[in-house]
Amino acid sequence: MKEIENQSSGKLYLLPVPLGEDAWHTVPEYVKEIIHGLDVFVVERAKTARRFLKAIAFPTPFDDCLFFELNKRTEAGEIPSFLEATQQGRSVGLLSEAGVPAVADPGSRLVLAAHEQGVEVMPLVGPSSILLALMAAGMNGQSFAFKGYLSAKRPELAQELKQLEVQANRRGETQIFIETPYRNQAVVETALNTLDTNILFSIAVDITLPTQWIQTHTIGVWRTLKLPDLHKRPAVFVLGERKK
């Protein structure tokens, strides 16, 4: 039996993964060691998870492992069974598609199930695009809100961006949101056409990758700049007031 299995009950490990295939170095060595001791995983897509495990020299044959997929198609009634191995002293690893699990990720459903079953939850250190974008934005890090995905339709998107601007100005609360990579250009174009010239807007693309590009300017300044091609590149957007 592996060392991590020699416990009376297993744990749920929340396992960070890189934000892209050129950033394997962003996963700490101690996290890799824990992953190497597991053989039960809950993942969003098994194919992606196996690619990551292979990249960090996972020692156990995949045929000897259990993989459960947890995504938007997973029925709520299935989720508690993903933790059955913990009752046998085996720990379970939760993997996101990118970054940390359970943040902008369906894994939070498994974490809640673990708490309900009395399974110890162990969050591990690793790359979070949301926090890294906030760190790099130069805006208020004392008060902020993550809004997830905004509307895909431009009229509604424009309204939502104005609402975020109001919250940023009224409360001093930094607003963070993301978008499906193929809609990045539409988000930026709508922001430049909608927001006040004095509001700060940060674009963080390919965070931790060799192609990383992060800049913060007021909307007024952004309107004078030539934008990079953001199409199909993972991005985080940050909006906040400019301190006087």
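The values are calculated or read from the model by the stated rules, or taken from the named source; none is laboratory data. None of these values were measured; they are calculated from a predicted model. Glycine gets a Cβ as well: all are built from the backbone with ideal geometry, and neighbour counts include every protein chain shown. In case anyone asks, the SASA skips ligands and DNA or RNA and just uses the protein heavy atoms, side chains included. Shrake-Rupley method; radii C 1.70, N 1.55, O 1.52, S 1.80 Å.
Each residue in the range 70-99 was checked for being open to solvent by 60 Å² or more (accessible area, probe 1.4 Å), touching a Lys or Arg at 6+ places or on another chain (Cβ under 8 Å) and either in a loop (DSSP other than H, G, I, E, B) or under 28 Å from Val205 (Cα atoms) (or both), and 1 pass. Screening the range 1-10 for residues that are in a loop (DSSP other than H, G, I, E, B) and surrounded by fewer than 20 Cβ atoms within 10 Å (Cβ to Cβ) and picking the one that is modelled with the highest pLDDT gives Ser9. Looking across the range 47-69, the residues that are under 19 Å from the mean Cα position of the chain (by Cα) and either surrounded by 15 or more Cβ atoms within 10 Å (Cβ to Cβ) or assigned to a loop (DSSP other than H, G, I, E, B) (or both) come down to Thr48, Ala49, Arg50, Phe52, Leu53, Glu69.
Conditions (1) surrounded by 14 or more Cβ atoms within 10 Å (Cβ to Cβ); (2) over 30 Å from Val27 (Cβ atoms); (3) charged (D, E, K, R); (4) under 23 Å from the mean Cα position of the chain (by Cα), marked per residue:
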position: Lys147; (1), (2), (3), (4): yes, no, yes, yes
position: Leu150; (1), (2), (3), (4): yes, no, no, yes
position: Arg171; (1), (2), (3), (4): no, yes, yes, no
position: Arg183; (1), (2), (3), (4): yes, no, yes, yes
position: Leu195; (1), (2), (3), (4): yes, yes, no, no
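For the structure I just gave you, tell me whether Glu160 is surrounded by 13 or more Cβ atoms within 10 Å (Cβ to Cβ), more than 20 Å from the chain's Cα centre (by Cα), among the acidic types (Asp, Glu) and not in a loop (DSSP other than H, G, I, E, B). It is true that Glu160 is surrounded by 13 or more Cβ atoms within 10 Å (Cβ to Cβ), more than 20 Å from the chain's Cα centre (by Cα), among the acidic types (Asp, Glu) and not in a loop (DSSP other than H, G, I, E, B).
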